[in-house]
Structures are given as structure tokens and as C-alpha cells.
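Read-outs throughout are calculated quantities, based only on the coordinates presented, and are distinct from any laboratory measurement. What you see is a predicted model, and the numbers here were worked out from it, not measured in a lab. Positions of Cβ are backbone-derived with ideal geometry, glycine not excepted, and every protein chain shown enters the neighbour counts.
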Amino acid sequence: MIVYGDSLVVTSNGNRPSYHEITSEVRRVIAESKVQDGIVVVATPHTTCSIFFEEYMHDKNYNGDEVIQVDLNNVMDKIIPRCVTEGQYRSPGPEHTKFAMGLNDPNYPPDPGTLLNTDAHLRASLIGSSATFVIREGKLMTGTVGYIYFVDWDQNRVRNRNIYIQVLGK
């Protein structure tokens, strides 16, 4: 059995959900792995991000988002409104706020405003942080119009985000 992995780094835009179409990168990793039959897992370690599979939409809005992503944002806004003020959601509570403000991360100095991302956590929980795909005869079995996307739901700041790609098979 072959086990082969790689990772990607994408940058969120910080003012709306950030979508990244990553299908070609996944195909590249599969080719590098030399796996002919198996699976590929695409995952993110971030609790405000998701991996999902959707049809590629050729039409885009002025921000460059595919119209299906705009539709998804509109649906999410209805079921999980953006967190804009403390107390809107029960999360984060005082213990988590204390913990987060005590973190010593030079890339993200303590800023309580960045904790107003409960909506991003809920959206990521709903969509999920990984997806698994079949590889047959060295090809990603996603059909003609199926594409793999990464989305960062957190709209509070620009950040680099990690995506892990793991290929298993023979």
C-alpha cells in the first residue's frame, strides 16, 4: 500500500467567506503519489473552515465567487446569521474568551473582536472539515463537473489556512 501526503496553504480574504477551488491541486497530488486505485482524503484542521464537493459554476459575481457559493452564503445567512456582537450567541463564553486572550501567538495578537466568529464555527460544523474521494486507474472519480472546494467561513481577519491531502492505495 502507498500512503502519500501533501499540503496546501491558501489565504482567506478576511471580509466574507473565502472560497478556493482546489481540484487541480488534488489531482496533482494523486499523480505524484502514483496510486492507481484507492482513496484521497482532503481535510483542514481549522474549526472555521470546510471542504466540500460541488458542481463548478461558470457564472461569478463581482467578487469572483461562483454563483452557487453566493447561493450557499445566502442560505447560511438565513440559518446561521453572522456573529456581529458579543452575546448574540452563547459562544464564546467567559472561560473561552479568557483562554483565547491568553494565547501567545505572534501571528494573532489578542483581539476580542476576532472571537465574534461563532457563525463560522457552526457553518464549518454543518458542512464538515473533510471529504473522501475514490481514485480509479489513477484518476480522481469526481465526474465531469464535480470540483473540490475549501471555504474559510471566518470573516473577521485575513489568515493563511492549511489543507491536507492524503492519498492511500495501490
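Annotations for the structure displayed:
- Under the Debye formula (equal points on every Cα, no solvent term), log10 I(q)/I(0) of the stretch 85-170 at q = 0.12, 0.24 Å⁻¹: -0.56, -1.34
- Amide H contacts of Ile22: Ile148, Tyr149, Phe150, each under 5 Å away and 5 or more positions distant or on a separate chain (H built 1.01 Å from N in the peptide plane; Pro and chain starts excluded).
- The ellipsoid that matches the Cα gyration tensor of the stretch 106-155 has semi-axes, each √(5λ) in whole angstrom, of 34, 13, 9, with the longest given first.
- Entry note, the chain: relative contact order of 55 percent, from Cα contacts under 8 Å with a spacing of 6+ residues.
- Two-site label geometry, Asn160 and Lys78: point separation in nm, points 7 Å out along Cα→Cβ: 3.9 nm
- Extent along principal axes [Cα atoms of the chain; Å; largest to smallest]: 52, 37, 23
- Sparse-neighbourhood loop sites, chymotrypsin sites (Phe, Trp or Tyr not before Pro) in the stretch 17-71 - DSSP loop, at most 12 other Cβ within 10 angstrom: Tyr62
- For the pair Thr114 and Thr47, label points projected 7 Å from Cα toward Cβ lie 1.4 nm apart.
- A crude spin-label estimate for the pair Asp37 and Asp59, with each label 7 Å from Cα along the Cβ direction, gives 4.2 nm.
- Axis angle, to the nearest 10 degrees, between helix 67-79 and the longest C-alpha principal axis of the chain: 40 degrees.
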